[in-house]
Amino acid sequence: MTASSSITTRFAPSPTGFLHIGGARTALFSYLYAKRHGGKFLLRIEDTDIERSTQEAVDAIFEGMDWLGLKSDFEPIYQTQRFDRYKTVIAQMLEAGTAYHCYCTRDELDQMRNEQMARKEKPRYDGRWRPEPGKTLPPPPDGVPPVVRFRNPAEGQVVIDDLIKGQIVFDNRELDDLIIARADGTPTYNFCVVIDDWDMGITQVIRGDDHVNNTPRQINIFKALGAPTPQYAHVSMILGSDGSKLSKRHGALGVMEYRAMGFLPEAMLNYLVRLGWSHGDQELFTREEMINLFDFRNVSSSASRFDMEKAYWVNHQYLKTADVAVVAPEFEWHLRRMGLDLANGPRIEDVILAQRERCRTLLEMAEKSHFLYDELSGYNEKDAAKHLTADAAEILDALVEALSSLLEWTPEAVHQAVHGVAEARQLGLGKVAQPIRVAVVGMAVSPPIDQTLVLLGRTRTLERLTAAAAYIRNRS
Ligand code: GLU
C-alpha cells in the first residue's frame, strides 16, 4: 500500500430510492479498491433527474452508507450544484468545435427515424448539423432553440481495458453524436458524469455493467477534452438464487431493511464482498482483510447469485464471534425498536453471550429476549399443554422453595437447586427444565435454564414460577 497514492474512486448513486444491495456492493468494491491502494473514496449524488430525485432518497443513501461504515473521504458532490461548470465546458467545446448546435425539431427526428426503420437501418442521428470541412450547413431556423451535440469521432475504435471484463471494443461508427445539452440548456447524463469524473480526479470508475454502453461515449468526451481517461471496472449483475433477475422476493432490499432483519453491518459487508469476489475458499474476512486482499483480478466477470441462506450463515458466524461491545449497540437498537425498556432487564452484553449460539440474527435474538425486559403476555399454547401439566405444579412449587432459599443468584447455585428438585423426584433434568422454561419464558425454548433464570433475576423468576403453578391449578 502506498501512503499517498493518487488512486481515487467514487460511488455515484442516483437518489431515486434507498441504497439497495447491488449499489451497496458497488460502493464496497470502490471503497476497498481505493483503500487497498492508499487512495480516496468519494461520493457523488447524481441528482440531475429532478423529477425522480428526492431528498428522502439522498438521506436513505447516506444512512445506508453510514450504517455500513463506507465513509467518503470528502464531502459528497451534488450534480445539481455544478450546472455552471457544465455550462462553461459546453461553451468551451462549442468554441473548440468538439460540439455543435443541432436545430432538428422533434418532427424531423421522428421522420429521420421512421425512414431509417423503413430501410431496415439502425435508427441514428444522421449528422445533418454536424460541421465537416467543405460542408455547408443550412441557415439556423428561426425560433428553434438548438440542442448541443458531441462531435463523436467518425472512424476508429474505442478500446476499453476493463479491469473485470477484459478488453471491450466499440466501433465509432456505431456511436452517433450524443446530445450533451438539451434545448433548455440543461446538460445530459453522460456528459455530466465525464466532467465530474474529470474534476474529481477519478482514476478508476467502478460501476454496474448496465453502464458498459455509456463508457465508449464517455471515453470519447474525455479524449475530446484532453482529459485523462480513467480505467473502468464494470461489475456484473446480482441475480436471484434461481438465476432470474433479482427481485424483492430474492433479497433485493434496501440495506436498512437488512438492519431491520437483524444483520450486523460487518456481516453484511462480508456477505456483499463475496458476491463476485473471492480469495481462495475463504468465506469470512475482517474489514482489514478485505482491504488488504481485494483485487479486480479475483472479481468474476459473470453474474453472481444472491443466496439468503448464506447471508444468514455469515451473519451467524459474526454474531457468534464478534466482540460483544460491537454487537451491543446494534442489539440495543432492536430492543428499543420493540418498545422495550432496557432498564427493566439484564445487561444486554450478558444477553448476547447467552443467546448468540442459537440466533442467526439480532431480530431473532431480540424476539427471544423479549421476556427478559417485559411481562409475559401469555404462554405458547402447545408448549403450555405439553409442559404445564398437572404434575408440573408441584415441581414448580418445589422450585420456588429451593430457589427462594439460595444464598447467591449464580448459574452454579441455580443449577444445583434445579438439579436437587429433579433428583428428589428421580426425574431427568429436562423434565424439570421444560416446565420452568414455559413458566418464565412463555415457551419451551431458551438458553440453558440456569443462565435463563440468572438473566431474569430472582424476583421475576419466583413470580413467574408461582404464577404458572397457579395457572395449572386454576385450569384443572
Ligand atoms: N448514477 C448511476 C447509477 O446509479 C451510476 C453512474 C456511474 O457510476 O457512472 O446507476
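The values are calculated or read from the model by the stated rules, or taken from the named source; none is laboratory data. Since the structure is predicted, the reported quantities are computational estimates derived from the model, not experimental observations. Cβ placement follows ideal geometry from the backbone for every residue including glycine, while neighbour counts extend to all protein chains displayed. Accessible surface is based on the protein model in full, side chains and every heavy atom, while ligands, DNA and RNA are left aside. Shrake-Rupley method; radii C 1.70, N 1.55, O 1.52, S 1.80 Å.
For a quick check of your reading of the filter: which trypsin sites (Lys or Arg not before Pro) in segment 378-469 sit in a DSSP loop and have no more than 15 other Cβ atoms within 10 Å?
Arg425
Roughly speaking, what is the centre-to-centre gap between segment 197-251 and segment 90-106 when only Cα atoms are used, to the nearest Å?
Taking the Cα centre of each part, segment 197-251 and segment 90-106 sit 26 Å apart.
Rank these residues by their accessible area, most exposed first, probe 1.4 Å: Tyr471, Tyr103.
If we order Tyr471, Tyr103 from most to least accessible, we get Tyr471, Tyr103.
Could you compute how much accessible surface Ile50 exposes when probed at 1.4 Å, giving the result in Å² to the nearest 10?
Here the accessible area works out near 120 Å².
Which distance in nm do the two modelled labels at Asp350 and Asp84 give, with both placed 7 Å along the Cα-to-Cβ direction?
Distance between label points: 6.2 nm.
To the nearest 0.05, what FRET efficiency results for Val324 and Phe222 with a Förster distance of 60 Å applied to their C-beta separation?
Between Val324 and Phe222 the formula returns 0.75.
Using a 1.4 Å probe on the protein heavy atoms, what percent of the accessible area of segment 177-218 belongs to carbon and sulfur?
That share works out to 50 percent.
Over the chain, give the accessible area per residue in Å² for a 1.4 Å probe, as an integer.
48 Å²
Subtracting the Cα-Cα distance from 0.36 nm times the residue separation, let me have the gained length for Asn474 to Lys310 in nm, one decimal.
Extra length available between Asn474 and Lys310 comes to 54.3 nm.
Would you tally the net charge around His279, using a Cβ to Cβ cut-off of less than 11 Å, leaving His279 out, and scoring K and R as +1, D and E as -1?
Net charge in that neighbourhood comes out at -2.
Is the chain rounded, prolate or oblate when judged by the Cα gyration tensor, a ≥ b ≥ c being the square roots of its eigenvalues, rounded requiring a/c under 1.5 and prolate requiring a/b larger than b/c?
It comes out prolate by the Cα gyration axes.
Hey, what did the chain get for relative contact order, percent, Cα under 8 Å, at least 6 apart?
Once divided by the residue count of the chain, the mean separation gives 12 percent.
With angles folded into 0 to 90 degrees, how steeply does helix 390-404 sit against the dominant principal axis of the chain? Use alpha carbons for both and round to 10.
Once rounded, one gets 90 degrees.
So how far apart, in nm, are the two label points at Glu332 and Leu406 if each is 7 Å from Cα heading toward Cβ?
The two pseudo-label positions are separated by 2.8 nm.
Relative contact order for segment 138-277: what is it in percent, counting Cα pairs under 8 Å that are at least 6 residues apart?
After rounding, I find 21 percent.
Among DSSP beta bridges lying fully in the chain, give the percent that are antiparallel, nearest 5.
If we restrict to bridges inside the chain, about 55 percent are antiparallel.
For segment 241-357, which whole percent of the accessible surface, found with a 1.4 angstrom probe, sits on carbon and sulfur atoms?
The C+S portion of the solvent-accessible surface of segment 241-357 is 49 percent.
Quick one: which residues, 5 or more positions from Val235 or on another chain, have an amide H under 5 Å from its amide H? H modelled 1.01 Å from N in the peptide plane, none for Pro or chain starts.
So Val235 has HN proximity to Arg207, Gly208, Asp209.
So for each of 126-139, 217-230, 237-250 I average, over its residues, the number of other beta carbons within 10 Å; can you give me the resulting order with the highest mean first?
The packing order, highest mean first, is 217-230, 237-250, 126-139.
Can you tell me how segment 76-181 classifies by the Cα gyration tensor, rounded, prolate or oblate, using a/c under 1.5 as the rounded cut?
Oblate, since a/c reaches 1.5 and b/c is not below a/b.
So, taking all protein chains as they sit and a 1.4 Å probe, how much accessible area belongs to Asp142, in Å² rounded to tens?
150 Å²
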